[in-house]
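Worksheet: one structure, shown below.
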Ligand SMILES: CC(C)(COP(=O)(O)OP(=O)(O)OC[C@H]1O[C@@H](n2cnc3c(N)ncnc32)[C@H](O)[C@@H]1OP(=O)(O)O)[C@@H](O)C(=O)NCCC(=O)NCCS
């Protein structure tokens, strides 16, 4: 069985191999809050990343909930010359969980050609700043145990094991 470090290096090498050499500098990437007028471009962004678990109708409905949130919007996008290349979708919630208000990142993705350039990291850092500006003191994301990429990404930004406990029952 591969250990965590080997798996990490294999993933990084695979990502490097898959992407074309798109040269962008840090200054070319703009990170900003998602606005309602971004809806159409975000539908296209998601379509480019879609796998068999997701249909365009589900993606549209999912996006709507981030475009019209019931708390201040915190979701972020990354763009290069006006094209959306990454997004971190999430919300502020608490009453459903009987907890203080906290930020939740529910999804994060970067287009393959733009990966391994620090864009997901920037998106998460801006998401955390947005939550801080909204008066929220912690931000959370759930990571499956076996998802070493998601865990490495979260740790690289400064996320550590959180205060919520995950319960499950087999169905
Ligand atoms: C996961 C994902 C969002 C990372 O985006 P990215 O812009 O390439 O990530 P970054 O360049 O900002 O990387 C930040 C950190 O994440 C981790 N990471 C990113 N890609 C990785 C990979 N392929 N393998 C292992 N670790 C990885 C590393 O810790 C990296 O820090 P480092 O470069 O200093 O080692 C992107 O690969 C993606 O969209 N994947 C498909 C969607 C997905 O699976 N989303 C959910 C997982 S969070």
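Would you point out which residue out of 91, 96, 126 is within 28 Å of residue 43 (Cα to Cα) and assigned to a strand (DSSP E or B)?
91
Please specify each residue of region 99-123 satisfying the condition of being in a loop (DSSP other than H, G, I, E, B), within 15 Å of the ligand (Cβ to nearest atom) and over 23 Å from residue 61 (Cα atoms).
115, 116, 117, 118
For a quick check of your reading of the model, give me the residue pairs whose first member lies in region 95-118 and is within 22 Å of residue 64 (Cβ to Cβ), whose second is within 16 Å of the ligand (Cβ to nearest atom) and part of a loop (DSSP other than H, G, I, E, B), with beta-carbon atoms closer than 8 Å and at least 6 apart or on different chains.
104/141; 105/141; 106/141; 108/141
Which of (1) within 14 Å of the chain's Cα centre (by Cα); (2) more than 8 Å from the ligand (Cβ to nearest atom); (3) part of a loop (DSSP other than H, G, I, E, B) is the odd one out, the single condition residue 143 does not satisfy?
Single failed check for residue 143: (2).
Taken together, the values in this text are just the output of simple stated rules run on the coordinates, not laboratory data. What you see is a predicted model, and the numbers here were worked out from it, not measured in a lab. For neighbour counting, all protein chains shown are included, and Cβ atoms are generated from backbone atoms with ideal geometry for every residue, glycine included.
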